[in-house]
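The values are calculated or read from the model by the stated rules, or taken from the named source; none is laboratory data. Note that the structure is predicted; figures quoted are calculated from it, not measured. Neighbour counts run over all protein chains shown; Cβ positions are idealised from the backbone, glycine included.
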Amino acid sequence: MEGFYLNNISKYHSLLDALDPVPKPRIPHGRPGPNMIVSARIRPLSGSEEFPSAVFPRRDQGNVIDIHDLYNHPKGQPILKSSDYQVDRLFNMNSTTKEIYEELVVDLVPYAWNGGVGTLFAYGQTGSGKTFTVSKVEEFVGETLMNGNLDGKREVYITIIDLAGNAAFDLLNEREPISLREDASGATQMVGAQENQVFSVDDMRTMVERATSFRRTAPTLKNPASSRSHAICRIRIKNTVNGSDGMLYLVDLAGSEAARDVAVHGADRMRETKQINISLSALKDCIRAKAQSDNAATLGKEKLGQKVPHIPFRQSALTRVLKHVFDPASTRECRTIVIACVNPSLADVGPTKNTLRFAELLRVSIPVKEEDT
Ligand code: ADP
Ligand code: MG
């Protein structure tokens, strides 16, 4: 595919130039659950990139992304195949992680400080900017948490693990294996994982760096050190007066590329990729089910005219660890932010479309309340 794109770059440019400047308006594709924001971040093309951008934030329609793919017409010249996608909030090539943090994430910190569960997922193919985004966010969270501006007495603890297949490892303890076990209350415990108390911004930074250095990497042709595991940073904020706690989960998901797109094959790599895809699909199902049950709680079940869905968190280690984020039986307040990360290069257009399709699938349609009509 890359060869086809490479041979047709000038054709691609002329097709783009001939495009209708006013695209058809995008019809909104549902909306996310009431406690969720689905965003996308388009990273800049890297300097060494030989391909043009195939991803275009739409100027006059907020948060819509146009993608122009090149299609090899069997009976003639290549043609454009255009598609569009919508998210709640779109960050383009010029956005900084600081801006994303301030607009999207910073409120999760006082939320967790006061007992809520805030979760951030970075989703996207390898090389799309997930680690770039999450590692910076972790640093900013450390600053917000530790700078002393939040009211009340709290202790802050950090645990960082990663999940490869169904196995879990402690990234703060030289990647020692740990086990995931459901306790009597139904919550999943990370048994054997260190939970380190954090006293300063520097402490937080040191631990995040230590974890990063132990993250498992396996080479693919495209990315010599691509991450094939989900990294989960859990920050627990303990209220020292009443003993309750709030949580922040910052999740740098494994690359979402399909097994067929992974450049180096080999049986192990294929199996690993399939397992990643299963866990990402389980994540999508859990997020959707949670959105539907939150809608039911907000609107009243009878208005939805449908059964509150079962939350399939048992399907993967990823969704088991994050069970209480999705569990409708949980009495905890939960807020979730998803950042779909995208590399705009024409060479990556296939996986990019998959990423944005995934983001749209997290939006569920909400029936209109009778009194609103
Ligand atoms: P992923 O974790 O999704 O595999 P990375 O975060 O490692 O991807 O990003 C891949 C490369 O692109 C890295 O070299 C990273 O520094 C760079 N990069 C990613 N996002 C940005 C951005 N918004 N601005 C500048 N460089 C970026
Ligand atoms: Mg990464």
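Scanning the stretch 130-150 for residues that are among the aliphatic types (A, V, I, L, M) and in a helix (DSSP H, G or I), we see that the one that is farthest from the chain's Cα centre (by Cα) is Met146. If you check Leu180, Leu145, Leu163, Leu172 for being modelled with pLDDT of 90 or more and within 16 Å of ligand 1 (Cβ to nearest atom), only one passes: Leu163.
If you check Gly115, Gly129, which single one turns out to be away from ligand 2 (no atom under 16 Å from the Cβ) and on the phi > 0 side of the Ramachandran plot? After ruling out the rest, the residue left standing is Gly115.
If you go through the stretch 13-57 one residue at a time, how many are touching a His at 6+ places or on another chain (Cβ under 8 Å) and surrounded by 15 or more Cβ atoms within 10 Å (Cβ to Cβ)? Show your work before the answer.
First pass over the stretch 13-57, keeping only residues touching a His at 6+ places or on another chain (Cβ under 8 Å): 15-16, 19, 52, 54, 56.
The next check asks that each one be surrounded by 15 or more Cβ atoms within 10 Å (Cβ to Cβ); those that pass are 15-16, 52, 54, 56.
Total meeting the criteria: 5.
Each row is one residue, and each column tells you yes or no for (1) in contact with an Asp or Glu (Cβ under 9 Å, 6 or more places away or on another chain); (2) of a type in the set (A, V, I, L, M); (3) within 26 Å of Leu104 (Cα to Cα).
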site	(1), (2), (3)
Asn8	no, no, no
Asp17	no, no, no
Gly47	no, no, no
Pro52	no, no, no
Pro57	yes, no, yes
Val64	yes, yes, yes
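Restricting the stretch 207-239 to residues that are at pLDDT 95 or above and β-branched (Val, Ile, Thr), the residue that is farthest from ligand 2 (Cβ to nearest atom) is Ile237.
All told, Lys98 meets the bar of being outside any loop (DSSP other than H, G, I, E, B) and among the basic types (Lys, Arg). Of all residues in the stretch 90-113, those that are closer than 30 Å to Pro52 by Cα and among the hydroxyl-bearing types (Ser, Thr, Tyr) have Cβ atoms under 6 Å from Cβ atoms of residues that are within 16 Å of ligand 2 (Cβ to nearest atom) and assigned to a helix (DSSP H, G or I), 6 or more apart or on another chain, in Thr97/Thr133; Thr97/Lys136; Tyr101/Val137.
Glu103 satisfies every condition listed in (1) within 16 Å of ligand 1 (Cβ to nearest atom); (2) surrounded by fewer than 17 Cβ atoms within 10 Å (Cβ to Cβ); (3) part of a loop (DSSP other than H, G, I, E, B) except (3).
When Gly76, Gly33 are checked against the criterion of being of a type in the set (Gly, Ala, Ser) and under 18 Å from the mean Cα position of the chain (by Cα), Gly33 stands alone in meeting it.
Listed here are the residues, each with its yes/no results for (1) surrounded by 18 or more Cβ atoms within 10 Å (Cβ to Cβ); (2) farther than 30 Å from Asp348 by Cβ; (3) hydrophobic (A, V, I, L, M, F, W, C).
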position	(1), (2), (3)
Tyr123	yes, no, no
Thr126	yes, no, no
Arg154	yes, yes, no
Gly186	no, yes, no
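Name the one entry in Thr133, Thr126, Thr97 that is modelled with pLDDT under 95, farther than 29 Å from Lys24 by Cα and β-branched (Val, Ile, Thr).
On the way: Thr133 fails: modelled with pLDDT under 95; Thr97 fails: modelled with pLDDT under 95.
When all the criteria are applied, what remains is Thr126.
Among the residues of the stretch 132-152, count how many are within 16 Å of ligand 2 (Cβ to nearest atom), buried (at least 23 other Cβ atoms within 10 Å of the Cβ) and of a type outside the set (Val, Ile, Thr). The qualifying residues number 1. Looking across the stretch 313-346 at every residue that is at pLDDT 85 or above and assigned to a loop (DSSP other than H, G, I, E, B), the one that is nearest to ligand 1 (Cβ to nearest atom) is identified as Asn343.
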